[in-house]
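Student: Input: one structure, supplied below.
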Amino acid sequence: MFRPPRPVSMTLNLAAMVDVMMCLIIFFLLASRLASAQYRGVDLPQAASAHEIERSEIGAKVVINVRPAADGVLDAEYVVQGWDGRRATERVLAADAVADYLHAKASQAVEHGETLSCVIRADRDVPYAGVETVLRGCGLARISRIVLSAQPDEPGGESSR
Amino acid sequence: MPNLAPMVDVIMVLLVFFILGASLQIAREGVLRTELDPRSGPGEGAAVEIIASVKIALQDLDNGRACRILVMGRPLERGTPDELRRYMQERRAAGADPLNPVVITAERSVRWRHVVAAMDAAKSAGFDNVQFAVSLGRAAAPR
């Protein structure tokens, strides 16, 4: 005798789904933070008028990290990060190589029809001469948009060091 | 007896999240924008005369430990960034255009934090066009 099939229970197993969702959320949160991690060897100066922006707002950019020279003889050392196809690289440039580096980046950007910005992440203890080298390099490479990185002041945070 | 296995699962995920989150310590990072004068360059970087409405000069004191702030060639009394900000605010109140260029000149050994503090003072007083004077010497030689 024919019996209709027993109706299948259509309730969703929520507990398992929430578990998986949470894992995914955590993974992406952490991954996105890691991916946007900048070079951490510089101690940025503080500025109340610095505002946080999305990285995409800057557009094409070249980032130069300026840190105090280890030996104290030179004004500063310049660290640039790159990508060699497999892993992130970090190079230390000498002062006289900065202009050439910027020039190469600028001509690449011109080929792609982009307007390049130069992001300068300079340590607060670097003498101005060290940053001036980058500014001069930008001038020579015809990069006119300069973005200086700073820590936005927090009320109650460390105010002066 | 409660079912322990899923609870341990969840607790572990939370633990991993907070441990990693705390150890990353993502510092907040903001930006200050400026523009180099497009008339400078190409090549050797032509010298341009920027008619600055305010010229701020920073002189090094005590090899980088402090700096003196000069506005239009006159030193500020105490030389603090706060004083500079008040001065700039007064200028704005007196009708200065926010697009008027403010040019910062710094001695080579002035620490970057003082330069950014001066720029910050001008920006927070409402001047949007803050520029840096860059000497035309070739790449910095060792001191």
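Every number in this text was worked out from the coordinates using simple rules, so none of it is lab data. Treat the numbers as computed from the prediction; the structure is a model and nothing was measured. Reconstructed Cβ throughout: ideal geometry from the backbone, glycine too, with neighbour counts over all protein chains shown.
Student: Reachable aspartates and glutamates from A:K105, Cα under 20 Å, same-chain residues fewer than 8 places away excluded?
Tutor: Cross-link targets: A:E57, A:E77, A:D84, A:E90, A:D96, A:E114, A:E132, B:E35, B:D37, B:E44.
Student: With a/c under 1.5 counting as rounded, go ahead and sort the stretch A:76-129 into rounded, prolate or oblate using the C-alpha gyration tensor (a ≥ b ≥ c being the square roots of the eigenvalues; past the cut-off, prolate if a/b is larger than b/c, else oblate). Don't skip to the answer; put the middle values down first.
Tutor: Details: a/c = 2.00, a/b = 1.37, b/c = 1.47.
Oblate, since a/c reaches 1.5 and b/c is not below a/b.
Student: How many Cβ atoms of partner chains, on average, are near each residue of B:101-114 if near means within 10 Å of its Cβ?
Tutor: That works out to 5 on average.
Student: Let me have the 222 nm mean residue ellipticity of chain A computed from DSSP H runs of 4+ only, each contributing -39500 (n - 2.57), with the sum over all residues rounded to the nearest 500.
Tutor: -11000 deg cm²/dmol
Student: According to the square roots a ≥ b ≥ c of the eigenvalues of the Cα gyration tensor, what is the shape class of the stretch A:1-122, taking rounded for a/c under 1.5, prolate for a/b larger than b/c otherwise, and oblate for the remainder?
Tutor: Since a/c reaches 1.5 and a/b is larger than b/c, the shape of the stretch A:1-122 is classed as prolate.
Student: Let me ask you something else. Residues of A:40-48, mean number of Cβ from any other protein chain within 10 Å of their own Cβ, rounded to a whole number? Before the final figure, lay out the partial values.
Tutor: Details: counts 3, 0, 1, 2, 7, 10, 5, 12, 8.
Counting other chains' Cβ atoms within 10 Å and averaging over A:40-48 gives 5.
Student: Using mean Cβ contacts within 10 Å as the protection proxy, how do A:59-67, A:142-150, B:71-79, A:77-85 order, highest first?
Tutor: A:142-150, A:59-67, A:77-85, B:71-79
Student: Shape call for the stretch A:51-161 from the C-alpha gyration tensor, a ≥ b ≥ c root eigenvalues: rounded (a/c under 1.5), prolate (a/b greater than b/c) or oblate?
Tutor: Since a/c reaches 1.5 but b/c is at least a/b, the shape of the stretch A:51-161 is classed as oblate.
Student: Something else about it: Could you compute the FRET efficiency for B:I11 and B:D97, with r as their C-beta to C-beta distance and R0 at 45 Å, rounded to 0.05? Walk me through the intermediate numbers first.
Tutor: Working: r = 60 Å, r/R0 = 1.34.
Once the sixth-power term is evaluated, E becomes 0.15.
Student: Using Cα pairs closer than 8 Å and at least 6 residues apart in sequence, work out the relative contact order for the stretch A:1-94, in percent.
Tutor: Values: 52 pairs, mean separation 13.2, N = 94.
The value is 14 percent.
Student: Follow-up question, since we're still on this one. Using a 10 Å cut-off on Cβ to Cβ distances, tally the other chain neighbours for every residue of A:117-127 and report the average as a whole number. Mind dumping the intermediate values first?
Tutor: Numbers: counts 3, 1, 1, 4, 2, 4, 3, 7, 4, 5, 13.
For this peptide, the per-residue mean of nearby foreign Cβ atoms is 4.
Student: For chain A, list the DSSP H helices whose alpha carbon atoms reach 27 Å or more along the long axis and whose average Kyte-Doolittle value is 0.5 or above?
Tutor: A:14-35
Student: Convert each backbone phi in the stretch B:103-109 into a coupling constant with the Karplus relation 6.51 cos²θ - 1.76 cosθ + 1.60 (shift: θ = phi - 60°), then list the ³J(HN,Hα) values in order as whole Hz, x for Gly and Pro.
Tutor: Going residue by residue, I get 10, 9, 10, 10, 5, 4, 9 Hz, with x marking Gly and Pro.
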